[in-house]
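Here is the structure we will look at, set down as structure tokens.
The values are calculated or read from the model by the stated rules, or taken from the named source; none is laboratory data. Keep in mind it's a predicted model, so treat the numbers as computed, not measured. Glycine also receives a Cβ, built like all others from the backbone with ideal geometry; neighbour counts cover every protein chain displayed.
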Amino acid sequence: MMENDTPIYVNKTQIENDENYIYLGQRYSTRDKNQDKKIQRKITAEWIAFAKHRDIFKGKIGTCLKRQVYTFLLFFTIR
């Protein structure tokens, strides 16, 4: 934990502060100053992919098929 960080507690248990983490399938570090731009780019790309296929997600097809399409789009968008 860095010296200026305030500890966070949940149910009286301190949460560990880690400098590295996985988000959207990619490893990030709190020391990386460009991570906000990287994460925002991935989120934007996912929303664009979702919007392009809005008819599928708003349509009357089964939830199973919607989930498969979503998983496919997410997999190829975050790469």
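Within region 9-49, restricting attention to residues that are part of a helix (DSSP H, G or I) and over 14 Å from the mean Cα position of the chain (by Cα), which residue is modelled with the highest pLDDT? Outline the logic, then answer.
Filtering region 9-49 for residues part of a helix (DSSP H, G or I) gives 35-49.
When the remaining residues are screened for being over 14 Å from the mean Cα position of the chain (by Cα), the result is 48-49.
Details: Ile48: 85, Ala49: 80.
This residue is Ile48.
Arg79 meets all of the listed conditions (1) at pLDDT 85 or above; (2) in a loop (DSSP other than H, G, I, E, B) but one, namely (1).
Residue count for region 33-72, restricted to those that are touching a helix residue (DSSP H, G or I) at 6+ places or on another chain (Cβ under 7 Å), within 29 Å of Glu19 (Cα to Cα) and hydrophobic (A, V, I, L, M, F, W, C): 1.
For beta carbons closer than 7 Å, sequence separation of 6+ or different chains, a first residue in region 3-23 that is under 19 Å from Lys38 (Cα atoms) and a second that is basic (Lys, Arg), the qualifying pairs are Glu19/Arg31; Asn20/Arg27.
Flag set for Ile22, criterion: surrounded by fewer than 10 Cβ atoms within 10 Å (Cβ to Cβ) and among the β-branched types (Val, Ile, Thr). Of everything in region 45-72 that's among the basic types (Lys, Arg) and surrounded by fewer than 10 Cβ atoms within 10 Å (Cβ to Cβ), which residue is nearest to Gly25 (Cα to Cα)? That would be Arg54.
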